[in-house]
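The values are calculated or read from the model by the stated rules, or taken from the named source; none is laboratory data. Here the structure is a predicted model, which means the values were calculated and not measured. When we count neighbours, we look across all protein chains shown, and the Cβ atoms used for this are built from the backbone with ideal geometry, even at glycine. Accessible surface areas use protein heavy atoms only, side chains included; no ligands, DNA or RNA. Shrake-Rupley method; radii C 1.70, N 1.55, O 1.52, S 1.80 Å.
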Amino acid sequence: MRKLAAGNWKMNGLTAALTEIVALCRAHPAPACDMLICPPATLVAQVAAVAQGTGLALGGQDCHSAASGAHTGDVSAAMLKDAGASYVIVGHSERRTDHGETDAVVLAKASAAQAAGLVPIVCLGETEVERDAGETLNVIGRQLTGSVPDTSTADTLVIAYEPVWAIGTGRTPSLQEIAEVHAFLRQRLTARLGTEAAGVRLLYGGSVKPSNAAEIFALPHVDGALVGGASLKAADFGAIVAALSAA
Ligand code: 13P
């Protein structure tokens, strides 16, 4: 399995930020892991042009569940693919919270992504209240059941475990807690997808940075990271790519 270092720029990045892409590709021309940036939709085509011929893959941050039509302001999976993307994040907690996306909506988006030839990165994660109530595995299990297409294979699905309370806060679960959730995800996926589950990349996300990346990547069933803030700077994201390449 090739591990995956994925950067989610969220609603950050103007044309000037393309210099970070250039720097990243120069510093890591042939990384030993897959390297992905999900810029805002406005930059996907430009980043694709800059990244052409390099080891950097491109992704969107969301897509609509329909292939096309009267959905003002939305972007379809086919449009992202056309602009140069090969992945798309779906069900990020910020979408679930800001836009009320349910598991059913996320499932429809993941299916649309797969139908368009994009690999969906399906995000799951508990809130702090849910963790404190001892509900973490119940919540993750329910989200996994509800948001992952049944026909997924190792090549057409990535899962990102992102505890909501760890996103952008500088806080992370303990290494043991991360390992517990990832082992649970692998077990549930195996029950669902059979032998394909062994090859599905399970990413951890939430305050991943150069200083904690190596210890997280050393955990069993952690096959990469989904990185927010630390993906905006080539030096920081490059250090995370290097840590994953060495893991
Ligand atoms: P941070 O790395 O900024 O905590 O964000 C994580 C995230 O939400 C990635 O999708």
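Structure above, values below:
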item	result
Whole-Hz couplings from phi, Karplus 6.51/-1.76/1.60, listed for the stretch 165-182; x for Gly and Pro	6, 9, 7, x, 10, x, 9, 9, x, 5, 4, 5, 5, 5, 4, 5, 5, 5
Probe 1.4 Å, all protein chains present, accessible-area order of 171, 186, largest first	171, 186
Amide hydrogen neighbours beyond the local backbone of residue 227, cut-off 5 Å, H modeled	6, 7, 8
Rounded to whole Hz, the Karplus (6.51, -1.76, 1.60) HN-Hα couplings of the stretch 73-90, x for glycine and proline	x, 8, 10, 8, 4, 5, 5, 5, 4, 4, 7, x, 7, 10, 10, 8, 6, 10
Amide H partners (placed H, <5 Å) of residue 201, local residues excluded	159
Label-point separation in nm, residue 151 to residue 135, each point 7 Å along Cα→Cβ	3.3 nm
All Cα pairs of the stretch 170-234, percent lying beyond 17 Å	41 percent
Distance histogram for the stretch 1-148 (every C-alpha pair counted, 10 angstrom bins, percent rounded to whole numbers)	11, 38, 32, 16, 2
Under-5 Å amide H pairs with residue 162, H placed in peptide plane, nonlocal only	124, 125, 205
J(HN,Hα) series, the stretch 124-131, from Karplus relation 6.51 cos²θ - 1.76 cosθ + 1.60, nearest Hz, glycine and proline x	9, x, 8, 7, 5, 4, 5, 5
Unsatisfied cross-links (Cα-Cα over 24 Å) in the set 109/233; 109/209; 10/209	109/233; 109/209
Ellipticity estimate at 222 nm from DSSP helix runs (n ≥ 4, -39,500 (n - 2.57)) divided over the chain, nearest 500	-12000 deg cm²/dmol
Length-normalised contact order of the chain in % [C-alpha pairs under 8 Å, at least 6 apart]	21 percent
Computed over the chain, Kirkwood Rh from alpha-carbon pairs, angstrom	17.7 Å
Probe 1.4 Å, accessible area per residue of the stretch 142-187, Å²	42 Å²
